[in-house]
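J.: Shown below is the structure under consideration.
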Amino acid sequence: MNTLKRMVLLGAMWATTAWAQGNIEINTPAISQIKSSMQARHTQLAPHYASGAVGLGADGNVVLRDANAVPLAQRQAVQGLVAQENTDRAALYREIARANGHPEWEADIRSTFAQRWIERAQSGWYIQSGGQWSRK
Amino acid sequence: MTNAMTRTICLMLTGAALSAACVTINIYFPAAAAEKAADRIIDEVWQLKKEQDSKAQPEGSQQ
């Protein structure tokens, strides 16, 4: 009887551990809200990724790397978009870490995202690696 | 009687030790799971899945 209890206990613990290692929680109201805000902004940012005015930084942020590529009249608006995007991104990384009960994962989540944004960028967009910009 | 109690205490201690071990395992950053989560979010933010869908349905409204 004791052996059975022990096995059930071990099984439950193993399952918990496996679950904890296999999943990252991203379905929270806070994360959804940030996601839709970023999604709405993307339609405005996309032309600037394509022109090379805005690039994907190695630190998980977006960077206004060539302000001259933006017409003067729009320059301030684009600066605003970049700032808002980076605020949302910082909040996203923080919220994911918090939603998983590990606020200290924030930096790891940021660097994971930095790699994935760059990896999944469309060709023609500018990406940063080792301080250097290159066109994908 | 005493024997059963000793066994119960032993079991509880083992359980506590294993719980502690599990907590220790979980402090490691699950890099592979984080990559998958990042990809799911990137798909949504950049609407990468939607583009594929709208190719299949040319009439799909894009705002």
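J.: Return the residues of the stretch A:39-60 that are hydrophobic (A, V, I, L, M, F, W, C), under 17 Å from A:GLN79 (Cβ atoms) and surrounded by fewer than 22 Cβ atoms within 10 Å (Cβ to Cβ); say none if nothing qualifies.
T.: A:LEU45, A:ALA46
J.: Which one is nearest to the chain's Cα centre (by Cα) among residues in the stretch A:26-40 that are facing another protein chain (nearest Cβ under 9 Å) and more than 21 Å from A:HIS102 (Cβ to Cβ)?
T.: Among those residues, the one meeting the criterion is A:MET38.
J.: Shifting gears a bit: Is the stretch A:56-65 home to any residue that is more than 25 Å from A:ASP108 (Cβ to Cβ) and touching a residue at least 24 places away in the same chain (Cβ under 8 Å)?
T.: Yes, that holds for at least one residue.
J.: Additional query: So A:ALA30 passes all but one of these: (1) closer than 23 Å to A:ALA121 by Cβ; (2) surrounded by fewer than 17 Cβ atoms within 10 Å (Cβ to Cβ); (3) touching a helix residue (DSSP H, G or I) at 6+ places or on another chain (Cβ under 9 Å); (4) of a type in the set (Gly, Ala, Ser). Which condition number does it fail?
T.: It fails just one condition, (1).
J.: Kindly evaluate A:GLN84 against the criterion of being in contact (Cβ under 8 Å) with a residue 12 or more places away in the chain, not in a helix (DSSP H, G or I) and not hydroxyl-bearing (Ser, Thr, Tyr).
T.: No.
J.: Please go through the stretch A:85-114 and give me each residue that is surrounded by fewer than 16 Cβ atoms within 10 Å (Cβ to Cβ) and among the polar types (S, T, N, Q), ordered by number.
T.: A:THR87
J.: So B:THR14 passes all but one of these: (1) polar (S, T, N, Q); (2) at pLDDT 90 or above; (3) out of contact with any helix residue (DSSP H, G or I) (no Cβ under 7 Å at 6 or more places or on another chain). Which condition number does it fail?
T.: Every condition holds for B:THR14 apart from (2).
J.: Just the residues that are facing another protein chain (nearest Cβ under 10 Å) and acidic (Asp, Glu), please, taken from the stretch A:86-103.
T.: Within the stretch A:86-103, just A:ASP88 meets the criteria.
J.: I'd like the full set of residues that are polar (S, T, N, Q) and more than 14 Å from chain B (Cβ to nearest Cβ), limited to the stretch A:62-85.
T.: Those that are polar (S, T, N, Q) and more than 14 Å from chain B (Cβ to nearest Cβ): A:ASN68, A:GLN74, A:GLN76, A:GLN79.
J.: Would a scan of the stretch A:41-57 turn up a residue that is among the aromatic types (Phe, Trp, Tyr), at pLDDT 95 or above and in contact with an Asp or Glu (Cβ under 9 Å, 6 or more places away or on another chain)?
T.: Scanning the stretch A:41-57, I find no residue that is among the aromatic types (Phe, Trp, Tyr), at pLDDT 95 or above and in contact with an Asp or Glu (Cβ under 9 Å, 6 or more places away or on another chain), so the answer is no.
The values are calculated or read from the model by the stated rules, or taken from the named source; none is laboratory data. Model, not experiment: these values are computed from the prediction. Here the Cβ is made from the backbone with ideal geometry for all residues, glycine too, and neighbour counts use every protein chain on show.
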